Amino acid sequence: NGVAVDDLSDMIIANVVPEVQPKLMSLARHGLNLMPQVIGDKNIDLGIKINIDKPNQAGADRLVNAVAARDLYHLPAIILDFGTATTFDLIGMGGSYEGGIIAPGVNLSVEALYLAAARLPRLAVKPWEDDMPILGKDTVSAMHSGIFWGYVSMVEGLIGRLRRDYGANLPAIATGGLAPLFANHVASISIVDLDLTLKGLVSIHAQNKRKDHRKKSQKG
């Protein structure tokens, strides 16, 4: 993007692939000469409560999304993230992380069909039309129907269950790379914000920089 290394002053990392973390840290320290903030480190304050039985198991990206929702949207709310997995998270008042749902992602499901069934082809994940027939007339159209209508039904069903149990008016915020493929087909999705996680990272970085500045001022 034309940004010079010398123009970079700070870095923040939210990573859910542990084996990649040493490479990211090496890039930060040796390639960019930066000491990054890392989501999950004890010294990084997210400013939200994590109300689940094992808080250390909450994915860094999902907590970052909760912070972004706290700062940008009306709460409580549901965050729906279309990534490697399709996740649903309930964010309470004040941005508290109340728990979530993890389902296989679209690409994972397509790959599983291809790998586990010898006679099924590998589908290309692509935009679908609202008028796609529910009943396939050949193998490929049957698979497209299963992926598309299956995911639409899953998303609508799980959002409906969350609203039934936690509040009928909960907004549903969709994010993640595959969100545009489904958001226009699911009436229960209220908002699409493809940069939700990045916005959360910016917010966390800023609040921790302010915290560090206050500590330094007090010591001074």
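The values are calculated or read from the model by the stated rules, or taken from the named source; none is laboratory data. Computed from a prediction, not measured in an experiment: that's the story for all the values here. Note that each Cβ is placed from the backbone with ideal geometry, even for glycine, and that neighbours are counted across all protein chains shown. Quick note on the areas: whole protein, heavy atoms, side chains included, nothing else; ligands and nucleic acids left out. Shrake-Rupley method; radii C 1.70, N 1.55, O 1.52, S 1.80 Å.
What to note about this one:
- If you go through segment 159-187 and pick out every residue that is in a loop (DSSP other than H, G, I, E, B) and surrounded by 18 or more Cβ atoms within 10 Å (Cβ to Cβ), you end up with 6.
- If you go through segment 104-125 and keep only what is in a loop (DSSP other than H, G, I, E, B) and open to solvent by less than 80 Å² (accessible area, probe 1.4 Å), you end up with G105, A117, L120, P121, L123, A124, V125.
- Top-ranked residue in segment 126-158 [being farther than 16 Å from N184 by Cα, surrounded by 17 or more Cβ atoms within 10 Å (Cβ to Cβ) and of a type in the set (A, V, I, L, M); ranked as modelled with the highest pLDDT]: L158
- Residue count, segment 130-144 (criterion: assigned to a helix (DSSP H, G or I), over 12 Å from V110 (Cα atoms) and not aliphatic (A, V, I, L, M)): 2
- Those residues of segment 188-204 which are among the hydrophobic types (A, V, I, L, M, F, W, C) and either open to solvent by 70 Å² or more (accessible area, probe 1.4 Å) or outside any loop (DSSP other than H, G, I, E, B) (or both), in sequence order: I191, V192, L194, L196, L198, L201, V202, I204
- For segment 50-81, filtered to residues that are outside any helix (DSSP H, G or I) and out of contact with any strand residue (DSSP E or B) (no Cβ under 7 Å at 6 or more places or on another chain), the residue that is most open to solvent (accessible area, probe 1.4 Å) is D53.
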